[in-house]
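Please read the structure below before turning to the comments.
The values are calculated or read from the model by the stated rules, or taken from the named source; none is laboratory data. Keep in mind it's a predicted model, so treat the numbers as computed, not measured. In this analysis, Cβ positions are derived from the backbone assuming ideal geometry, glycine residues included, and neighbour counts consider all displayed protein chains.
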Amino acid sequence: MPEEGEGPKRFCLANTEFAVIRRAEIRRVLLEAKKQHPEIVTLCLYGSTVKGTETLKSDIDGYLFVKAPEEYRRYKPAYTWHATTITLNDEGYAVYIDPLCTALGPGTKANFAETRHLRGLSISNEIIDQLIEEQIENIEIVNRFNKERQNLRDLEGSNVYPVDHPDMLKHQPDELKPSINLIAMFFLNIGNDIQEYRRYLLDKLTYLGDMGEIMWGQIVEALATKENMNRERHTHSYPHTLEEAKKTYH
């Protein structure tokens, strides 16, 4: 189940009988769901399942990616510090998430509340393009603010700080993390259908040059935060450049 190019460095999969059976059941249920709904792309897992710490009481944490039609989508900030998230609306959850959660219960020995931690995200090349553009705009806004703040400090002396200029603080932009749609596709992938979207994203970021490297760095930081990696493991567990990423997610 570990993905090619990552393996034990990043994902620590438990080899207990319960954990092995649970992972196999997750894969089986997902494949059955994909037969009924070919627009389902994959399920990307995080949390105790990929840390090797799962127990009978552990939740199943992950994101189901779906090539959902427009009417099934909802656009919203997932958290105050994330950019736009394109998630499934209530109807989309009824079609995809609820049946999956119900089917996972018996074989994984998880009740509905424990499988209800699964979330649904929409994915397409167009969505990736939109989210890249939004993140570029955010980075440029933050960079302009920082440059203007530095220019003010240079003019008025090193002892001048933004706190002396309430107007500047009033307009200080939030430095948003990338959309969870872009981050979650690099969690542990059940199956390989997300690979085309990973490659598409990495190719787009590579085309952007230095800006793309900045964005990939933000994705890596967000991955490490979401997966609760400590600094030592963080240093060795992720591809930190786009060149490394393209080799990992070939």
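Laid out as a table, the results:
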item	result
Hits in segment 190-210 (condition: of a type outside the set (Gly, Ala, Ser) and touching a Leu at 6+ places or on another chain (Cβ under 8 Å))	190, 201, 202, 205, 206
Wholly within segment 31-141, strands (runs of 3 or more DSSP E) carrying at least 1 residues that are within 21 Å of residue 13 (Cβ to Cβ) and in contact with a Ser or Thr (Cβ under 9 Å, 6 or more places away or on another chain)	61-66
Leading residue by the ranking (farthest from the chain's Cα centre (by Cα)) among those in segment 33-77 that are more than 23 Å from residue 195 (Cα to Cα) and of a type in the set (Asp, Glu)	71
Condition met for residue 146 (part of a helix (DSSP H, G or I), at pLDDT below 80 and surrounded by 12 or more Cβ atoms within 10 Å (Cβ to Cβ))	yes
Only listed residue being surrounded by 14 or more Cβ atoms within 10 Å (Cβ to Cβ) and either closer than 19 Å to residue 45 by Cβ or at pLDDT below 85 (or both), chosen from 191, 212	191
Some residue of segment 6-22 being modelled with pLDDT under 95, touching a Cys at 6+ places or on another chain (Cβ under 9 Å), at positive phi and of a type outside the set (Val, Ile, Thr)	no
